[in-house]
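Working notes, structure below.
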Amino acid sequence: MGCRRKAGWVLAMVLVLSAISFAQERDEHREYNDDRGRTIERENNDPAYQHGFKDGFDLGANAARTHATYNDHNSGAYNHADNGFPGGDKGAYQQRYRQAYTEGYRAGYEEVREQSSGNYGRYSGSNDPAYQHGYKDGFDLGANAARTRATYNDHNSGAYNHADDGFPGGDKGAYQQRYRQAYTEGYRAGYEQVRRQLRGNHAQYPGSNDPAYQHGYKDGFDLGANAARTGAVYNDHDSGAYNHADNGFPGGDKGAYQQRYRQAYTEGYRAGYEQTRSGYVDRR
């Protein structure tokens, strides 16, 4: 009888201690979430963090996608660290931007690596000569198109039409199909990477200092991304933002402002739409 009472007492003590431990862990977890929530809120309201993380994420993801060496410090965006700078203490802005950039770079790089390693059927480029040659050829031509401000065109080239660069023999039709698919992916990646680099370099791309460009591109990007996210038809001209074209207008020549705004809007719309679409494709 005494043994039973002793065993019951031990069991009761174990239950009490477990309850205390659970309560402590719950409180610590709540404190962590509260702190993390305040951190996220602060980051979401900080343009240095927003621009730094996004720029880093995009370049890190592209590095993983193209099998480039991991390098979270060597880019125009990181070096200048002033994308989206609203004025004020530039040194402090650049410090926060670079910190967010390296975080975003790592996140983008690791996300694409995880997607690639988990879906060899979709992303088998590392061992497929059709993918290797197609992606590289498309990337080079897309980057050159952006560098020379040429119209985006991922289908009109000798490389795409022939689609036989590096063909080792065998089923040529299947090779060409995989080559062209990789070519269009590479073209988009090269085009967008150079455009981002140019936007981060004021000397080469003066639009980054132009409020018409800034507002137009951002408004177009957001609406393009939303269209892709909701499965809507691509339409870079039919919106109130595009029609009015006066968001952020500081005064002066309104017609000239609207012209630059609409040009930037269509560029941003395409980038947002294609970036979101490519994100969905990678996650399939």
Would it be correct to say that Y93 is under 20 Å from V194 (Cα atoms), part of a helix (DSSP H, G or I) and not aliphatic (A, V, I, L, M)? no
Checked Y70, Y105 against criteria (of a type outside the set (V, I, T), without any contact (Cβ under 8 Å) to a residue 60 or more places away in the chain and open to solvent by less than 60 Å² (accessible area, probe 1.4 Å)); the one match is Y105
Can you pull out the residues in the stretch 137-171 that are crowded, with 20+ Cβ neighbours inside 10 Å and among the charged types (D, E, K, R)? D137, D154
Looking only at the stretch 220-259, how many residues end up being out of contact with any Pro (no Cβ under 9 Å at 6 or more places or on another chain), of a type outside the set (S, T, N, Q) and more than 14 Å from Q275 (Cα to Cα)? 17
Where in the stretch 210-284 are the helices (runs of 4 or more DSSP H), entirely inside, with at least 3 residues that are among the basic types (K, R) and open to solvent by 20 Å² or more (accessible area, probe 1.4 Å)? 254-283
Within the stretch 135-158, residues of a type in the set (A, V, I, L, M), part of a helix (DSSP H, G or I) and over 14 Å from E185 (Cβ atoms) come out as A145, A146
Is the stretch 111-120 home to any residue that is crowded, with 19+ Cβ neighbours inside 10 Å, of a type in the set (A, V, I, L, M, F, W, C) and modelled with pLDDT under 85? yes
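The values are calculated or read from the model by the stated rules, or taken from the named source; none is laboratory data. All of these numbers come straight from a predicted model, not from anything done at the bench. Glycine also receives a Cβ, built like all others from the backbone with ideal geometry; neighbour counts cover every protein chain displayed. SASA here: full protein model, heavy atoms, side chains in, ligands and nucleic acids out. Shrake-Rupley method; radii C 1.70, N 1.55, O 1.52, S 1.80 Å.
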